[in-house]
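K.L.:
Take this structure first; my questions come after.
The values are calculated or read from the model by the stated rules, or taken from the named source; none is laboratory data. What you see is a predicted model; the values in this text were computed from it and never measured. Positions of Cβ are backbone-derived with ideal geometry, glycine not excepted, and every protein chain shown enters the neighbour counts. The accessibility values were calculated without ligands, DNA or RNA, using every heavy atom of the protein model including side chains. Shrake-Rupley method; radii C 1.70, N 1.55, O 1.52, S 1.80 Å.
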Amino acid sequence: MSLYTAVKKVAGQNHKSIYQIEHDLQLSNGMISKWDKSMPRADALQDVADYLGVTTQYLFNLARKEQ
């Protein structure tokens, strides 16, 4: 699973859409979807993890576990 998919899964569990996360955190539109193929900036990933109430390590572990 990619980091994007891990974020999307946790977002769904929190009843949030990727668009809503990007909007609420004032990230550029489509930024999180790019994490499907590339690594995010550390500050952006930390902001998303905080928003979702998880750690960045949790997101990385979830992405790695489901490969």
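K.L.:
Going by the conditions given, is residue 58 in contact with a Phe, Trp or Tyr (Cβ under 6 Å, 6 or more places away or on another chain), part of a helix (DSSP H, G or I) and open to solvent by 20 Å² or more (accessible area, probe 1.4 Å)?
P.N.:
no
K.L.:
Which residue is most open to solvent (accessible area, probe 1.4 Å), if the candidates are limited to region 2-37 and must be of a type in the set (A, V, I, L, M, F, W, C) and outside any helix (DSSP H, G or I)? Outline the logic, then answer.
P.N.:
Kept after step one, since they are of a type in the set (A, V, I, L, M, F, W, C), are these residues of region 2-37: 3, 6-7, 10-11, 18, 21, 25, 27, 31-32, 35.
So of that shortlist, the ones also outside any helix (DSSP H, G or I) come out as 25, 27, 31.
Working: 25: 48, 27: 28, 31: 30 Å².
Among those residues, the one meeting the criterion is 25.
K.L.:
If you don't mind, another one. Answer with yes or no whether residue 37 is charged (D, E, K, R), in contact with a Ser or Thr (Cβ under 8 Å, 6 or more places away or on another chain) and at pLDDT below 95.
P.N.:
yes
K.L.:
Mind listing whichever residues of region 38-50 are buried (at least 17 other Cβ atoms within 10 Å of the Cβ) and not in a loop (DSSP other than H, G, I, E, B)?
P.N.:
45, 47, 48, 49
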